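Report on one structure; see the data block that follows.
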Amino acid sequence: MKNFISILFIFIIVSCSSGKTPVEEGLESQILHWGNGSEPQGIDPHIVTGVPEHHILIGVCEGLTITDPKGGRDNLPGVAESWTLKEDQKTYVFNFNPNARWSNGDRVTPEDFVWSWQRALTPTLGSQYSEMLFYVKNAKKFYDGEINDFSEVGVKAISDYELEVELENQTPFFVGLLAHYSTWPVHKETVLKFGEMDDRSMKWTRPGNHVCNGPMKLKSWELNKKIVVEKNEFYWDADRVKLNEIHYYPIQNESTEDRMFRAGALHVTNVVPQGKCPVYLENKNPSLRIDPYMGTYYYRVNTTLPHLSDSRVRKALAMGINRKLIVEKVSKCGQKTAYSFTPPGTSEYYPDTVVEFNPEKAKELLTEAGYPDGDGFPTIEILFNTQEGHRKIAEAIQQMWKVNLGINVEIYNTDWKVYLSRQDNLDYQISRAGWIGDYQDPNTFLEIMRPGRGNNQTGWANYEYERLVAEANKTSNQEERYKKLMEAERILIDEMPLIPIYTYVKQFQIHPDVKGWDANILDHHHPKFVYLERD
C-alpha cells in the first residue's frame, strides 16, 4: 500500500494540465520544488530545532545577519545593515535597515528584537535553544529566575534604528550565531493575537495568521503533503529575489524522492539513497552533488538508565562499532569516520580524541561493568526517525553489537515529531542523532553538551566539562580557547554520553536549472540568492 501511495503521489504531482513536469513549469514561473525530508515540527523560530524547519525558516524570517551563501566566515547584513563593536570588545551596536519590514508591511524595529529575545529566554516557552542568547549580559540570570526585570538584560533599543547588545564576555562567534533562527524576531502583535508570549501551540504560524520578515511568506500548508511560500513584496531586498514560490515536500522515503527527482517533480532532493550513491558516482551522474557539511552523525545514550549510566558500558558500545565498515559499506557516499563530536577542521580546530574499534577491549569493559560476554545485559532499543538510511545504519550496528558484544538490540522508527518528542523527554535508550553546526566555531558542538542545555538530551552532566567550556567562552586568545575546548572534548569522548559515527557530507541531487545554490559547510541557502535559469 505504501509503495502504491508513493507512486500515486508522483503521478499526481507530475501530471498537470499542460503536460509539463513541475520542473519545466517551475522554470517558467520561478517556482522551486524542494524535497525537505520530514514534515516539520513547526515554524516558530523559538521552539523548533531541526534542519527541515530551518529550510523553511530561512525563507520566511530573517535575523540581524545572514550567513555568506558562498561559505565565507563573515556574515552578511540581514535586518541590520551594519554593526560596530565598541572598545570593550563585548558591546555591539546594530544599525537597522530603514526599509526592513514585516510581511504585513509593519516596520521591523529594535524593540521587536528586545521583545523576541525576552520571549526566547522565557523558561515557560521551553525553547531548547535559549542558551544561544546566554552570551548576552544577564540573559542566563533572567532565564534562571535570578533576575525578573528584563531591562537588566544586555539588549536595548537605543533609538528607533539602533539595537545595543552587551555580552558577558568577548565572544568572537557572536555575529555568526545571529544567523541562527533561535535569535530571529517574531511579530509581537501576531503572537499575542493568537496566544500568550509563552504559548507553544504555534497558532500564529498557520497560513493566514503568519507574519514574519523574510524574502518569502507562508502561502499554504497541507499537512504531510506540501508547504508553499511565496515572494514577500515587503522584504527590504525584494528586488534581488527572483523566485516567486518555493514548494517544500516532506518526503521521508529516499527512494520515492529519487523517483520524483528523475520524473521531473523536484529541483532539489534532501538526500541520495544510500544504495544509489556509489552507482551515481560510478556513472558520473551530473545531478549528484556531494558538498562539505559541518555535522556529525552520532548516537545519543540515555545516561539516566541504570544499564547505560556506567561510562564503561557506553565506551564498550562505542568500541563495538566498526565505523570504517559503515562508511564504506553502508553510507557509501564520502562520509568520514568520526572519532570526536566536533568535526575536524571546524574553524581550524582539530580534536585529538580517538574511538577505536576494539571488540576485545569492549568485552573487557562490559565484564568490568558486570556483563561478561553481554550476559545479563538488557535488550536495548535504537530509536531513529523514519528514513531508509537511518534504518540501514541501525541494522548494521544492531548486528555489530550482537556479534562483537553479545548484546541483543531492537530497532524502532517513528515519524519526525514523535522522534523529537521522545528525545526531549528522555523516552529512549539509544537514539540516532545528527548535529549540524549553527555557526562556524567548535563551540556550536561542545556547547550543547553542557549540563541542562536543551539539546543535550542525554541526561549527562559533567561539571569539569562545564567549567572548561565556560572558561573557553571567556577566553579571547584562540590558541588558549581551543586548548580548553580540546580538554572538554576529551572528557566528552572519555565519558561517551554520545557515540560519534561519521562526519557528514551533504549528498543530494540538484537540477541544472537551479542557480545560486553554492556549497557551504552550514548548508544555508538563502532564497534571495537562488533562482531558476536554463543554460
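Some values worked out for this structure:
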{"quantity": "Residue that is nearest to residue 53 (Cα to Cα) [pool: residues in region 255-272 that are in contact with a helix residue (DSSP H, G or I) (Cβ under 8 Å, 6 or more places away or on another chain) and surrounded by fewer than 23 Cβ atoms within 10 Å (Cβ to Cβ)]", "calculated": "271"}
{"quantity": "Qualifying residues in region 212-254 (those that are out of contact with any Phe, Trp or Tyr (no Cβ under 7 Å at 6 or more places or on another chain), among the aliphatic types (A, V, I, L, M) and open to solvent by less than 30 Å² (accessible area, probe 1.4 Å)) - the one farthest from residue 112 (Cα to Cα)", "calculated": "251"}
{"quantity": "Selection from region 410-429 of residues that are outside any helix (DSSP H, G or I) and open to solvent by 20 Å² or more (accessible area, probe 1.4 Å)", "calculated": "410, 411, 412, 413, 415, 425, 426, 427, 429"}
{"quantity": "Selection from region 226-243 of residues that are out of contact with any strand residue (DSSP E or B) (no Cβ under 8 Å at 6 or more places or on another chain) and assigned to a loop (DSSP other than H, G, I, E, B)", "calculated": "233, 237"}
{"quantity": "Residues within region 182-205 that are under 23 Å from the mean Cα position of the chain (by Cα), surrounded by 15 or more Cβ atoms within 10 Å (Cβ to Cβ) and among the hydroxyl-bearing types (Ser, Thr, Tyr), tallied", "calculated": "3"}
{"quantity": "Among (1) of a type in the set (Phe, Trp, Tyr); (2) farther than 21 Å from residue 43 by Cα; (3) assigned to a strand (DSSP E or B), the one test that residue 280 misses", "calculated": "(3)"}
{"quantity": "Selected residue [without any contact (Cβ under 8 Å) to a residue 40 or more places away in the chain and either touching a strand residue (DSSP E or B) at 6+ places or on another chain (Cβ under 6 Å) or among the hydrophobic types (A, V, I, L, M, F, W, C) (or both)] from 470, 519", "calculated": "470"}
{"quantity": "Single unsatisfied condition, residue 492 versus (1) in a loop (DSSP other than H, G, I, E, B); (2) modelled with pLDDT of 95 or more", "calculated": "(1)"}
{"quantity": "Residues being touching a Leu at 6+ places or on another chain (Cβ under 9 Å) and in contact (Cβ under 8 Å) with a residue 24 or more places away in the chain - total across region 498-515", "calculated": "9"}
{"quantity": "Hey, residue 404 polar (S, T, N, Q), without any contact (Cβ under 8 Å) to a residue 40 or more places away in the chain and either buried (at least 19 other Cβ atoms within 10 Å of the Cβ) or not in a helix (DSSP H, G or I) (or both) or not", "calculated": "no"}
{"quantity": "Residue, surrounded by the most Cβ atoms within 10 Å (Cβ to Cβ), within region 301-330, restricted to residues that are of a type in the set (Lys, Arg) and within 18 Å of residue 501 (Cβ to Cβ)", "calculated": "314"}
{"quantity": "Qualifying residue in region 430-438 (condition: more than 24 Å from residue 38 (Cα to Cα) and either part of a loop (DSSP other than H, G, I, E, B) or open to solvent by 10 Å² or more (accessible area, probe 1.4 Å) (or both))", "calculated": "no"}
{"quantity": "Pair list, Cβ < 9 Å and 6+ apart or interchain, from region 222-234 residues that are in contact (Cβ under 8 Å) with a residue 40 or more places away in the chain to residues that are among the β-branched types (Val, Ile, Thr)", "calculated": "227/43; 227/56; 227/246; 229/56; 229/60; 229/246; 232/60; 232/241"}
{"quantity": "Single residue of 351, 344, 378 found to be in a loop (DSSP other than H, G, I, E, B), open to solvent by 20 Å² or more (accessible area, probe 1.4 Å), over 30 Å from residue 447 (Cβ atoms) and touching a residue at least 40 places away in the same chain (Cβ under 8 Å)", "calculated": "378"}
{"quantity": "Count of region 354-369 residues which are touching a Phe, Trp or Tyr at 6+ places or on another chain (Cβ under 9 Å) and either without any contact (Cβ under 8 Å) to a residue 24 or more places away in the chain or closer than 30 Å to residue 278 by Cα (or both)", "calculated": "3"}
{"quantity": "Among the candidates 275, 208, residue that is surrounded by fewer than 17 Cβ atoms within 10 Å (Cβ to Cβ), under 30 Å from residue 408 (Cβ atoms) and out of contact with any strand residue (DSSP E or B) (no Cβ under 6 Å at 6 or more places or on another chain)", "calculated": "275"}
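The values are calculated or read from the model by the stated rules, or taken from the named source; none is laboratory data. These figures come from a predicted structure and were not determined experimentally. All Cβ positions, even for glycine, are placed from backbone atoms using ideal geometry, and neighbour counts span all protein chains on display. Remember, those area values only see protein heavy atoms, side chains included, never the ligands or the DNA or RNA. Shrake-Rupley method; radii C 1.70, N 1.55, O 1.52, S 1.80 Å.
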